[in-house]
Amino acid sequence: MKEILAKLLNHEELSREEMKNILVGITHSEYPNEQITALLTALQMRGVSVDELLGFRDGILETGVPVPLDCDRYIDVVGTGGDRKNTFNISTTSCFVIAGAGYKVAKHGNYAATSTSGASNVIAQHGVKFTDDLCQLNRCLDECGIVYLHAQLFAKAMKFVGPIRKALPFPTIFNLLGPLVNPSQPSCQLLGVANLDQMRLYHQVYQRLGIDYGIVNSIDGYDEISLTGDFKVTVGIGSTTVPAGATVPAVFTAGSSYERIFKPGDLGFAVAKPEELVAGATEAEAKEIFDSVLENRALPAQKNIVLANAAFGIQVLEKGEKSIEECIDIARQSIDSGAALRTFKKFVELNS
């Protein structure tokens, strides 16, 4: 570790293998907390490279509990968190809308860190019991199209750095890892990021991983499509290079990508007000909004925001072979027909 720290002080980047070995060493209690603190601080001051992020991802997956699901193609919809906007559970709600539309979803999540309600909070509010039982997880995916993976049951390495992360007054590389360590390793992901620097970083990471992905960012700082203003979308199918300034055709084929800034009106949505996105002050209030969307009685802005995020997830699953307008219609039908709600009720039944 002293050699590693000397490299960082010399502004050198660490290799993917070095970072994986460090993470494994942390789980074996090979380093004192002072050295781990110095490592995390140095990485944060310099900025994390793609290889460094991938190396820690490799280490977390290697030391964690794998979840081999009996399905070839499914998606995770997730945000990086930390935008401090306290929005309701947009990604989680979108996952049930996608599943209600007949697609497969493996949602990876945790309790809230900076907001009222994280994915695990709103799921637990409905009486769901989290599990790492593979048979139960596969049964749930088979019977209702969606499975929930509570992060604390799978990423065993995180407990070794928990006290250090809490003691540090700034985010670390571990804050970037949440979206990348889904233990089922999905081949599709829709990721919301809080700023464009994160969008560029994750774009390079996904290209290296070779998965189909969409990355979204609302220009006013939300880590999802908020419809409060312009938002940027980068979609990659088949891990191709995104051409700068490219525009999205009505339908694009596998092996192509696009990057574009949208206005809410481009998709037929009105501009939302920030207060319409807020989760409320309690977990019960956040649960009520989640329920209202699936029950099709939410505010128009709340429903539209879920439709927008779900639609881009569906477009990734469809390898871009459906236009975003078609994907919005699919998501809308999932809510309007009651399919999303029936999917959620079946999920609760199977996991309570």
(request) Round to the nearest 10 and give me the degree value, 0 to 90, for the angle of helix 196-209's Cα axis relative to the longest principal axis of the chain. (result) 80 degrees
(request) State log₁₀ I(q)/I(0) for the range 65-215 at q = 0.09, 0.13, 0.16, 0.19 Å⁻¹ as given by the Debye formula over alpha-carbon point scatterers of equal weight, solvent excluded. (result) -0.27, -0.58, -0.91, -1.32
(request) Hey, can you find the accessible area per residue of the range 41-156 for me, probe 1.4 Å, expressed in square angstrom? (result) 36 Å²
(request) Kindly identify the range 148-228 as rounded, prolate or oblate by the Cα gyration tensor criterion: order the square roots of the eigenvalues as a ≥ b ≥ c, call it rounded if a/c is under 1.5, otherwise compare a/b with b/c, prolate if a/b is larger, else oblate. (result) oblate
(message) Which three extents, in angstrom, do the Cα atoms of the range 19-72 have along their principal axes, listed largest first?
(response) 42, 25, 12
(message) Quick check: the angle from helix 134-144's long axis to the longest principal axis of the chain, C-alpha only, nearest 10 degrees?
(response) 20 degrees
(request) List, in the order given, every pair from Lys129/Lys322; Lys129/Lys263; Lys166/Lys303; Lys129/Lys166; Lys7/Lys85; Lys2/Lys85 whose Cα-Cα distance in the structure shown is over 28 Å. (result) Lys129/Lys322; Lys129/Lys263; Lys166/Lys303; Lys7/Lys85; Lys2/Lys85
(request) Give the peptides 180-187, 87-94 in descending order of average Cβ contacts within 10 Å, highest first. (result) 87-94, 180-187
(message) Leaving out ligands, DNA and RNA, and with a 1.4 Å probe, what % of the accessible surface on the chain is carbon or sulfur?
(response) 50 percent
(request) Report the antiparallel proportion of the DSSP beta bridges in the range 173-245 as a percent, rounded to a multiple of 5. (result) 55 percent
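The values are calculated or read from the model by the stated rules, or taken from the named source; none is laboratory data. Not measured: the values here are computed from a predicted model. FYI the Cβ positions are ideal-geometry reconstructions off the backbone, even for glycines, and counts take in every protein chain you see. What goes into the accessible areas is simple: the full protein's heavy atoms, side chains included, and nothing from ligands, DNA or RNA. Shrake-Rupley method; radii C 1.70, N 1.55, O 1.52, S 1.80 Å.
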